[in-house]
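The values are calculated or read from the model by the stated rules, or taken from the named source; none is laboratory data. Note that this is a predicted model, so its numbers are computed, not measured. Here the Cβ positions follow ideal geometry from the backbone for every residue, glycine too, while neighbour counts run over all protein chains shown. For the accessible areas, the whole protein counts, side chains as well, though only heavy atoms, and no ligand, DNA or RNA atoms are used. Shrake-Rupley method; radii C 1.70, N 1.55, O 1.52, S 1.80 Å.
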Amino acid sequence: MASIDKDTIITLLKEVGVVPLFYHADSGLVKEVLKACYDGGARVFEFTNRGENAYDTFVELLKYVQEELPGMALGIGTIYDADIARKFIDAGADFVVAPFMNPEVGKVCSEAGIPWLPGIATLTEIFQAQQAGAEVVKVFPGEVVGTGFVKAARGPMPHLRMMVTGGVQPTRESLQEWIGAGAYCVGLGSHLFPKDVLASDNYTWITNKVAECIGIVKELRS
């Protein structure tokens with residue numbers, strides 16, 4: 001069962017504006033990354049389902065978050081089908097993210113009362129996702145779809161909430177471009193967790209970068 005309610009998560013997505021997304025097989029390392037992001041102000045974190053032991057690691061992370069990181073919403077990403085979605089939801093996932101739109105996954109999330117963020121790349125997919133229960137959609141891949149699409153989509157759909165993932169850099173220029181186009185929030189992955197930073201256990205760098213990005217988003221919206 002999710003530990004944070006749906007409306008709170010949707011509000012946090014915009015208020016914080018930055019969603020770190022990360023996967024690693026070493027649960028100890030992921031805990032350090034989670035803590036670093038939390039210390040930087042992140043309150044929504046996506047752990048991606050990309051490894052054989054992703055489920056076991058996720059269950060361990062959920063326990064860690066509940067015990068050590070109050071107010072952090074931990075969701076699962078890269079979910080393809082309803083059965084896998086249900087498995088992670090039963091474990092306690094606060095939200096589910098997918099690279100594409102599968103209505104069956106949306107149905108499972110709706111029944112569980114948690115946010116579902118399906119990947120979209122066209123207006124038709126946005127409409128279909130909304131019909132299937134998505135209140136926030138994931139624009140993916142952002143570097144292919146582009147800021148022009150995000151800005152144009154808000155014309156006929158002014159209340160559309162879009163999280164952009166892919167192509168977003170942890171820089172003022174990139175964040176200004178996407179937030180300025182109308183992104184509800186942005187997902188930051190590998191650029192937020194450089195290999196050399198992880199290899200040197202420089203988690204302070206991650207904390208500072210997350211805080212910097214969140215500060216930029218808030219400044220842009222003030």
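For the chain, the fraction of 1.4 Å probe accessible surface lying on carbon and sulfur atoms is 49 percent. Sorted from greatest to least, the principal axis extents spanned by the alpha carbons of the stretch 24-139 come out as 40, 28, 22 Å.
Taking every alpha-carbon pair under 8 Å whose residues sit at least 6 apart, the stretch 67-176 reaches a relative contact order of 18 percent. Reducing the stretch 62-89 and the stretch 163-208 to their Cα centroids gives an inter-centroid distance of 21 Å.
The mean accessible area for residues of the stretch 41-174, using a 1.4 Å probe and ignoring ligands and nucleic acids, is 44 Å² per residue. About its Cα centre, the stretch 1-146 has a charge dipole of approximately 200 debye under the convention of +1 per Lys or Arg Cβ and -1 per Asp or Glu Cβ, with nothing else charged. Sorting the segments 60-67, 202-209 by their residues' average number of neighbouring beta-carbon atoms within 10 angstrom, most packed first, yields 202-209, 60-67. For the Cα trace of the chain, dividing Rg by the Kirkwood Rh returns an Rg/Rh value of 0.94. Rounded to the nearest 20, the Cβ-based charge dipole of the stretch 82-163 about its Cα centre (Lys and Arg +1, Asp and Glu -1) stands at 240 debye.
Distance check, please: which entries in Lys14/Lys151; Lys63/Lys138; Lys31/Lys195; Lys14/Lys63 exceed 21 angstrom between their Cα atoms?
Result: Lys63/Lys138; Lys14/Lys63 exceed 21 Å.
Per residue, the convex hull spanned by the alpha carbons of the stretch 125-196 comes to 86 Å³. Averaging the sequence gap over all C-alpha pairs within less than 8 Å and six or more residues apart, then dividing by the number of residues, gives the chain a relative contact order of 22 percent.
The chymotrypsin sites (Phe, Trp or Tyr not before Pro) of the stretch 88-129 that meet both conditions, a loop assignment by DSSP and at most 15 other Cβ atoms within 10 Å of the site Cβ, are Phe100. Between Phe100 and Glu143, the contour length at 0.36 nm per residue exceeds the alpha carbon distance by 13.9 nm.
Over the chain, dividing the summed -39,500 (n - 2.57) contributions of all DSSP H runs of at least 4 residues by the number of residues returns a 222 nm mean residue ellipticity of -15000 deg cm²/dmol.
Based on Cα atoms of the stretch 100-222, Rg over Rh with Rh as the Kirkwood radius reads 1.02. On the basis of the beta-carbon distance and an R0 of 45 Å, Ala152 and Glu32 show a calculated FRET efficiency of 0.65. Globularity index of the stretch 26-68 is 1.10 (Cα radius of gyration / 2.2 N^0.38 Å, N = number of residues). The simple Förster model, with R0 at 30 Å and r as the Cβ-Cβ distance, assigns Tyr80 and Asp7 a FRET efficiency of 0.70. With a cut-off of 20 Å, note down the residues of the stretch 59-88 whose backbone N falls inside the zone around a label point 7 Å from the Cα of Asp201 toward its beta carbon. Once the point is set 7 Å along Cα→Cβ of Asp201, nothing inside the stretch 59-88 turns out to lie under 20 Å by backbone N.
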